[in-house]
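Please read through the structure below; I'll follow up with questions.
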């Protein structure tokens with residue numbers, strides 16, 4: 001063991017060790033204080049005994065600390081060792097405490113943001129998760145996620161389902177005039193909302209607490225209390241659709257909508273059975289008029305729910321609908337330009353309206369989306385006003401997904417094979433269905449079933465006198 005008084009000059013003269021080797025030199029004045037030299041550099045250290053166990057603690061690089069400063073720190077560390085304290089363990093505990101303080105500082109809002117950023121979720125799903133927590137857990141957003149208790153979860157779950165709490169987010173919108181009134185939700189809908197909110201919270205907290213488990217800290221997700229106490233509501237899957245007897249009135253109201261894009265969007269949903277987001281994000285580049293089909297993109301960042309690409313044939317109705325939709329954009333632009341030619345005869349307000357109309361027409365024709373929207377996404381997000389207008393005119397309450405269920409129900413009524421219906425709806429084959437794994441239904445094999453469904457829908461859409469509305473007149477009405 002080489003010993004001498006460790007000074008700056010002497011340490012600088014010591015050569016670096018060969019690669020893969022280390023050489024220790026000890027201070028002659030302070031027992032246990034030394035410098036370790038490797039092939040990459042030189043570091044001060046201290047060595048001592050703690051409860052019968054040899055402990056080494058590195059102090060720092062000789063290029064950063066002077067020998068005098070390192071010797072002072074070594075005296076403190078040796079004192080700790082003599083009193084039975086392991087400085088390495090002390091440092092580890094301090095690090096864990098700092099991490100715990102940081103974890104405790106992670107609010108529910110932070111946890112949700114981290115979760116949404118890390119998870120590969122569709123924008124619509126992210127928006128839904130954010131909306132549920134904003135609506136029902138807005139007063140928890142600034143709370144540390146680790147402080148949410150099982151009792152809080154149980155109470156809030158009941159409150160959401162029974163509407164026994166004020167919702168600050170809605171109250172704020174009402175006070176600012178953004179909402180006229182809040183319609184009370186049905187009991188089943190409130191229960192579904194309660195379950196949905198807590199499922200999102202459970203996922204967010206599981207993600208947040210995962211780091212704690214890796215650090216050896218066990219946290220129980222407070223949402224687990226709902227399973228232990230069997231408090232989840234038994235919400236039946238929604239099975240509403242447009243009844244055959246309601247289709248004529250529904251169709252008539254839809255074709256009379258002022259907004260031709262919303263009008264065609266709702267009709268497109270009914271005649272394709274697509275999910276709202278799938279249809280809303282459809283681009284013209286995905287429509288092949290020559291082959292008579294369109295394709296939805298798969299993959300994690302794609303359009304389909306099951307991440308599988310989905311190609312559907314265009315029935316004659318859909319071919320005409322989309323053709324007229326494209327032509328309608330040109331007509332809309334031409335009419336907007338024509339309106340500005342007579343600008344001299346218009347009032348200032350009318351001139352501004354004509355200019356806005358032109359800007360809107362130009363943006364729509366330049367949009368890559370078949371059903372362009374005016375928001376930041378560029379496509380239709382939620383056709384609430386159109387749906388409300390149809391419901392007001394007919395008394396028929398429906399959602400976009402009800403149109404998908406209507407399509408599926410009519411498809412099944414035509415005695416199409418289960419594999420065909422699943423292919424049209426882009427449903428995955430059930431696990432264990434060996435036969436289904438061998439059946440590949442390409443777009444041409446789906447063309448006839450698609451046309452049959454279109455024909456069946458047309459037969460159900462009748463005038464008051466029971467006459468079938470011809471395809472031509474229907475499409476003209478829906479796209480004028």
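The values are calculated or read from the model by the stated rules, or taken from the named source; none is laboratory data. Note that the structure is predicted; figures quoted are calculated from it, not measured. Neighbour counts are summed over all protein chains in view; Cβ atoms, including those assigned to glycine, are modelled from backbone coordinates with ideal geometry.
Failed condition for residue 399, given (1) at pLDDT 90 or above; (2) touching a helix residue (DSSP H, G or I) at 6+ places or on another chain (Cβ under 6 Å), with all others met?
(2)
With respect to residue 263, is the statement that it is touching a helix residue (DSSP H, G or I) at 6+ places or on another chain (Cβ under 7 Å) and within 30 Å of residue 117 (Cβ to Cβ) true?
The answer is no for residue 263.
List every residue pair whose Cβ atoms sit under 6 Å apart, with the two residues 6 or more apart in sequence or on different chains, where the first one lies in segment 265-285 and is over 21 Å from residue 421 (Cβ atoms) and the second, anywhere, is part of a helix (DSSP H, G or I) and at pLDDT 95 or above.
Final answer for the pair search is 266/254.
OK, next. Do any residues in segment 420-434 that are at pLDDT below 90 have Cβ atoms under 6 Å from those of residues that are part of a helix (DSSP H, G or I), where the two are at least six apart or on different chains, and which pairs are they?
These pairs meet every condition: 429/436.
Since residue 444 meets every condition but one in (1) modelled with pLDDT of 85 or more; (2) more than 32 Å from the chain's Cα centre (by Cα); (3) surrounded by 15 or more Cβ atoms within 10 Å (Cβ to Cβ); (4) not in a loop (DSSP other than H, G, I, E, B), which condition does it not meet?
Residue 444 satisfies all of (1) modelled with pLDDT of 85 or more; (2) more than 32 Å from the chain's Cα centre (by Cα); (3) surrounded by 15 or more Cβ atoms within 10 Å (Cβ to Cβ); (4) not in a loop (DSSP other than H, G, I, E, B) except (3).
So, one more: Check segment 382-390 and report whether any residue there is outside any helix (DSSP H, G or I) and at pLDDT 90 or above.
Among the residues of segment 382-390, at least one is outside any helix (DSSP H, G or I) and at pLDDT 90 or above, which makes the answer yes.
Let me ask you something else. Check whether at least one residue in segment 280-301 is surrounded by fewer than 17 Cβ atoms within 10 Å (Cβ to Cβ), under 19 Å from residue 127 (Cβ atoms) and modelled with pLDDT under 90, and report yes or no.
yes
When you scan segment 341-359, do you find a residue that is in the same structural domain as residue 258 (by TED's automatic domain parsing) and within 28 Å of residue 124 (Cα to Cα), even just one?
At the first step, the residues of segment 341-359 found to be in the same structural domain as residue 258 (by TED's automatic domain parsing) are 341-359.
Adding the requirement that they be within 28 Å of residue 124 (Cα to Cα) leaves 359.
Within segment 341-359 (the criterion being in the same structural domain as residue 258 (by TED's automatic domain parsing) and within 28 Å of residue 124 (Cα to Cα)), the answer is yes, since at least one residue qualifies.
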